[in-house]
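The values are calculated or read from the model by the stated rules, or taken from the named source; none is laboratory data. This structure is a prediction, so every number in the text was calculated from the model and none was measured. Note that we place each Cβ from the backbone using ideal geometry, even for glycine, and neighbour counts take in every protein chain shown. Keep in mind that these areas ignore ligands, DNA and RNA; they rest on the heavy atoms of the full protein, side chains included. Shrake-Rupley method; radii C 1.70, N 1.55, O 1.52, S 1.80 Å.
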Amino acid sequence: MKRFVLGFGLIALLLSSCSKEEQEAAPKNLQHPYQLTEDSYQAKIVQMETLFHQYGFVNDLEDPYDYNDPKNRKAIEELDLKELKLFLEEFSSEEGLKNLDEAGSIEKSKQYAREHNPIPSQDILNRAVNSYNVTGSHSSAIIGSSTSSINFSIKDNETITFISANANYNNNNVHFEQVNGHHIIPFYPNAGQDYYDHKGGINVDCKVKAYGQTATATMYARFNRNGSGSVESFRT
């Protein structure tokens with residue numbers, strides 16, 4: 001009888017021990033589904049914000065970033081601060097975001113100079129308003145791949161009118177917001193270029209938001225009179 005009681009007690013003890021270990025393990029997995037401890041995570045946020053602020057970004061007070069949101073936390077934990085620094089250096093440089101898609105770069109117009117143009121001269125300055133869209137693309141470890149675009153019209157092959165601008169990023173933590181500012185670069189005559197090949201352009205003011213930080217920036221589009229061109233640069 002003693003053996004049975006002892007045996008039963010030993011089995012109960014083992015089952016109790018296993019259940020206790022499972023109970024302890026489960027809450028930990030539920031409470032900490034992250035790579036970093038809370039202290040390490042908070043320290044990384046400080047490092048990240050410090051980097052952004054060095055390059056002119058500020059905390060986005062209009063739309064505060066929820067650092068406790070599981071998706072946001074996961075994104076910040078995976079964020080490579082060295083890659084972030086390289087991106088900010090490039091974005092803040094005189095050239096801005098480089099590696100723009102050369103497929104959309106400006107190409108020589110198929111139209112000829114005014115004196116050789118097959119269009120009668122009286123019609124050249126009386127053409128309808130034509131709408132165009134120019135784009136540029138860029139990719140980096142921080143924003144993934146992005147596409148920037150500017151919509152505009154050209155009246156009578158001469159007068160440029162801004163319509164809208166947009167930018168899309170594969171990274172959900174990076175956003176673009178157009179603001180109410182733009183600057184038209186008119187088609188100034190240039191003796192070294194024919195009538196249709198001379199570039200005009202539009203500089204568009206915008207706001208970039210990334211990981212709870214925001215900065216003003218400018219998109220630079222350049223194109224010729226038939227609308228061929230690209231967004232050549234995007235920088236703070």
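The table that follows gives values for the structure above.
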item	result
Positions within region 198-235 being under 21 Å from A141 (Cβ atoms) and either within 12 Å of the chain's Cα centre (by Cα) or among the small types (G, A, S) (or both), in sequence order	V208, K209, A210, Y211, G212, T214, A215, A217, S233, F234, R235
Filtered residues of region 38-63 (kept if farther than 20 Å from V208 by Cα and of a type in the set (S, T, N, Q))	S40, Q42
Residue pairs meeting the criteria (Cβ under 7 Å; at least 6 apart or on separate chains; first touching a residue at least 40 places away in the same chain (Cβ under 8 Å) and among the β-branched types (V, I, T), in region 198-224; second surrounded by 22 or more Cβ atoms within 10 Å (Cβ to Cβ) and assigned to a loop (DSSP other than H, G, I, E, B))	T214/F57
Top-ranked residue of region 191-214 - restricted to ones that are part of a strand (DSSP E or B) and more than 30 Å from P70 (Cβ to Cβ), ranked as most open to solvent (accessible area, probe 1.4 Å)	D205
Filter pass, A217 being among the hydrophobic types (A, V, I, L, M, F, W, C), open to solvent by 10 Å² or more (accessible area, probe 1.4 Å) and at pLDDT below 90	no
Members of region 54-91 that are closer than 17 Å to H175 by Cα, in a loop (DSSP other than H, G, I, E, B) and open to solvent by 60 Å² or more (accessible area, probe 1.4 Å)	L61, E62, D63, P64, D66
Qualifying residue in region 178-190 (condition: of a type in the set (A, V, I, L, M), open to solvent by less than 20 Å² (accessible area, probe 1.4 Å) and in a strand (DSSP E or B))	no
Criterion violated by V174 - all others in (1) in contact (Cβ under 8 Å) with a residue 40 or more places away in the chain; (2) buried (at least 16 other Cβ atoms within 10 Å of the Cβ) satisfied	(1)
Single condition G227 does not satisfy, out of (1) open to solvent by 40 Å² or more (accessible area, probe 1.4 Å); (2) on the phi > 0 side of the Ramachandran plot	(1)
Selected residue (criterion: modelled with the lowest pLDDT) from residues of region 26-53 that are over 16 Å from L79 (Cβ atoms) and either polar (S, T, N, Q) or open to solvent by less than 80 Å² (accessible area, probe 1.4 Å) (or both)	A26
